[in-house]
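Participant: Have a look at the structure that comes next, please.
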Amino acid sequence: MSRHLPHDDPEQPPERVALRTHIDERVDERGMNLDELADASGLHPETIRRARRGTARISTSTRKSIETALAWAPGSINAILAGGQPMPLAEESPQAHVRTLPNGAHQLWLSVRSADGQPQQMMIPLDLESVPGLDGLSPSEVDMLTHQMLGVMVHAGRAFLEEQGRQRTARATQGDPTIR
């Protein structure tokens, strides 16, 4: 008997097919079955089945329970439903990846940590078609440009932090009481 439902339900929206696929893959990676996922999440097995196959809304508490049981970062289910990838809590996840949408548009997904240390995903639309000379790029060219862009972003971020440090140092030497 198969552990998973067939993936050919014509009634299911593509984002829910993606969610089901990611849940199934993660369950397999962790050596679980869906009943064990239900036990680990504290949810009823039927709730897990409805989340995987249904078109109904998935409550915030159900999302959090599934993410915790699958060792995904908070917001991973939202990211999947928006076209992204889940972010495993372990450092095994990619830090950035590009997704090409069915309409040909591109999205850059970054795995980041918020100020409170919580892992999150950030999506940056890449409107390459609107930039003269970049229309019609091959997937490998999009990938190469995206990695170059990430390098530029990292260097720009470093320059930003250095400038913030210089300004903070200047304020501290002038006796600014807000600087610790």
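The values are calculated or read from the model by the stated rules, or taken from the named source; none is laboratory data. Quick caveat: nothing in here was measured; it's all calculated off a predicted structure. When we count neighbours, we look across all protein chains shown, and the Cβ atoms used for this are built from the backbone with ideal geometry, even at glycine. The protein model used for the area step is the full one, side chains on, heavy atoms only, and it has no ligands, DNA or RNA in it. Shrake-Rupley method; radii C 1.70, N 1.55, O 1.52, S 1.80 Å.
Participant: Ordering 41, 130, 138 by accessible area with a probe of 1.4 Å, largest first, what comes out?
Facilitator: Ranked from most to least accessible, the order is 130, 138, 41.
Participant: Please check which bits of region 51-79 a label hung off residue 107 would reach, taking the label as a point 7 Å along Cα-to-C-beta and the cut-off as backbone N under 15 Å.
Facilitator: Residues 75-79 qualify, since their backbone N sits under 15 Å from the label point.
Participant: For the chain, what is the relative contact order in percent, using Cα pairs closer than 8 Å and at least 6 residues apart in sequence?
Facilitator: Relative contact order here is 13 percent.
Participant: What is the angle, in °, between the Cα long axis of helix 139-173 and the longest principal axis of the Cα atoms in the chain? Nearest 10 is fine, range 0 to 90.
Facilitator: Its long axis makes an angle of about 50 degrees.
Participant: When the accessible area of the chain is computed with all protein chains present and a 1.4 Å probe, what percentage of it is carbon and sulfur?
Facilitator: 55 percent
Participant: Now for a separate question. Measure off 7 Å from each Cα along the Cα-to-Cβ vector at residue 36 and residue 140, then give the distance between these two points in nanometres to one decimal.
Facilitator: Between residue 36 and residue 140, the label points sit 4.0 nm apart.
Participant: Further question: To the nearest 10 square angstrom, what accessible area does residue 44 show with a 1.4 Å probe?
Facilitator: 120 Å²
Participant: Only one of the values [x] 16.4, 52; [y] 20.9, 73; [z] 20.1, 58 was calculated from this structure for Rg and Dmax of the Cα atoms in Å; name its label.
Facilitator: [y]
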